[in-house]
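The values are calculated or read from the model by the stated rules, or taken from the named source; none is laboratory data. Quick caveat, the model's predicted, so the values are computed rather than measured. For neighbour counting, all protein chains shown are included, and Cβ atoms are generated from backbone atoms with ideal geometry for every residue, glycine included.
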Amino acid sequence: MRTQMKLPLFYQILSYLIIGIIVPADVTLGIRFPNPISQVSGDPPDELLKTAVFALGSFWRSESVFGCLDGVVRTTVGYAGGSKSNPEYRSLGDHAESVHIEYDPRVINFRQLLEVFWSSHDSRQVFGQGPDVGNQYRSIIFVNGTEESRLAVVSKEREQTKSRGSIVTTQIQQLENFYPAEPEHQKFELKRNPFLVQVIGNLVEEELEKSRLAAKLNGYAAELCPPRIQTRIDGKLNEIIRKGWPILTQV
Ligand SMILES: *[C@@H]1O[C@H](CO)[C@@H](O)[C@H](O)[C@H]1NC(C)=O
């Protein structure tokens, strides 16, 4: 008797659960999301882009910091600065967690990227960054050529003069190899926010890695965009939610 009374309720709950799993979240939000779209237009041609690589603690965070800047077109996290070949997250050897940045030099330059680098971490912390302890979180400016090397040295000296009480630990190294990290580490902050992933059209992994918009929203998700950009994206998302017709193609 008891089981007979309980079974229908059990199935009812089960069916709700199944509907909840099968019906995509966009329907339940009252928003219809189109199918995945490809790359947004307006990127400068690849020949024009320059690259920079920095290590400044956890690469999830580093990617967020740089991805949101105007002029940054693509970001990739990976391993650099060591000698181990084919490093992996669980065995990265002597490499540092790094972010590889492709930028449009007409909009942002290496010197400005250096300013963001210094202001986004504690270059005086020894053997780690914030709560992350270990050699993989060390601070490195990777340079390519003498001009970048000069800019890096000058900016490090300036940083050191801000306080004599401790040493700036940042290393300056010629960039040799950059090994991209495993897909699950790319755009990590963005992927933690399924709404944002949907709003840009559920890009597949490869598109996420190349997308300028994904790089921006990865910064937004971590609340690491410059305030002006953070506010602009807030506004666009609010508009999408209000209209119920959505797709964010540009921020
Ligand atoms: C260094 O810069 C040159 C041109 O500016 C480029 O062709 C080369 O690929 C860069 N090297 C690395 C390791 O990024």
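Structure values in brief
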| read-out | value |
| --- | --- |
| Count - residues of region 134-160 that are outside any helix (DSSP H, G or I) and surrounded by 12 or more Cβ atoms within 10 Å (Cβ to Cβ) | 8 |
| Count of residues meeting criterion [part of a loop (DSSP other than H, G, I, E, B) and either among the hydroxyl-bearing types (Ser, Thr, Tyr) or under 18 Å from the mean Cα position of the chain (by Cα) (or both)] in region 109-122 | 2 |
| Selection within region 81-133 - of a type in the set (Ser, Thr, Tyr), surrounded by 12 or more Cβ atoms within 10 Å (Cβ to Cβ) and under 18 Å from ASP70 (Cβ atoms) | TYR103, SER120 |
| Considering residues of region 41-60 that are away from the ligand (no atom under 16 Å from the Cβ) and surrounded by fewer than 23 Cβ atoms within 10 Å (Cβ to Cβ) only, the residue modelled with the lowest pLDDT | SER41 |
| Count - residues of region 128-146 that are within 16 Å of the ligand (Cβ to nearest atom) and free of Cβ contacts under 8 Å to residues at least 40 places away in the same chain | 3 |
| Residues (without any contact (Cβ under 8 Å) to a residue 40 or more places away in the chain and either within 16 Å of the ligand (Cβ to nearest atom) or assigned to a helix (DSSP H, G or I) (or both)) located in region 90-99 | none |
| Residues of region 176-210 classified as touching a residue at least 60 places away in the same chain (Cβ under 8 Å) and within 11 Å of the chain's Cα centre (by Cα), total | 6 |
| Some residue of region 167-187 being more than 16 Å from the ligand (Cβ to nearest atom) and acidic (Asp, Glu) | yes |
| Odd one out for GLN125 among (1) away from the ligand (no atom under 16 Å from the Cβ); (2) in contact (Cβ under 8 Å) with a residue 12 or more places away in the chain; (3) more than 29 Å from ALA221 (Cβ to Cβ); (4) not in a helix (DSSP H, G or I) | (3) |
| Matching residues, region 206-251, being more than 19 Å from THR75 (Cα to Cα), at pLDDT 90 or above and in contact with a helix residue (DSSP H, G or I) (Cβ under 6 Å, 6 or more places away or on another chain) | none |
